[in-house]
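Asks: Okay, here's the structure, questions in a sec.
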Amino acid sequence: MQLEVNIEDNFWSGKDGESMTYGGRGEKAIASETWESWFQQWLQQLDPYLPPAKGYELSLRLTDDREIQAFNAQYRQLDQATDVLSFAALETSLVMPAEHLSLHPCYLGDIIISVETAFRQAKQAGHNLTTELAWLTSHGLLHLLGWDHPDDRSLTRMLDQQKALLQTVNLQIGSGYVWESEEKMN
């Protein structure tokens, strides 16, 4: 499967070799190669949910609370920071002809994550930043593919799929982890 991932790291850029500390642990940026490997494995696992295409493209932007708050206010009219935003390219009413998809990669969309919020959530959940970023990214990827969680049943299905995606890349989310949306739904 051909895959192109555009990673815009607006959080760690300019902080070469720097780590951020919480709970006595230093956390460093995830390498581009690791992100690409994760997306490759995840898309292979999610193949039944993918539109048939020559390949796939997506964008991942790592940022801070201030920038994600601006995006959240602009696109969702919620003037507050959040952990992850997804902008699915496949949600448009423009349908790509099959011939086009057989010749060109299918653009899935954009995922934006606040690393600052991810730090806080990782600390609260008792796992490392890498796990939290993978969890949030897998959630965003599922949204790009049309998954949603308007009710408890679909949320449970989506969270189970996220756990499976993390296991694919040898990460685990704790059984006591409570997703922000779960708290709001209960």
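Read-outs: derived from the displayed coordinates by stated rules, not from any lab. Every value quoted in this text rests on a predicted model; they were computed, and no experiment measured them. Virtual Cβ from ideal backbone geometry, glycine too; neighbours counted across all protein chains shown.
Asks: I need the calculated FRET efficiency for the pair Glu33 and Thr168, taking r as the beta carbon distance and R₀ as 22 Å, to the nearest 0.05.
Replies: My answer for the efficiency is 0.85.
Asks: Take peptides 103-114, 129-140, 49-60, 68-79 and line them up by average Cβ neighbours within 10 Å, highest first, as a rough protection proxy.
Replies: Highest mean packing first, the order is 129-140, 103-114, 49-60, 68-79.
Asks: When the Karplus curve 6.51 cos²θ - 1.76 cosθ + 1.60 is applied with θ = phi - 60°, which whole-Hz ³J(HN,Hα) does each residue of segment 26-33 get, with x for Gly and Pro?
Replies: Computed from phi, the couplings for segment 26-33 are x, 10, 10, 4, 7, 5, 3, 4 Hz.
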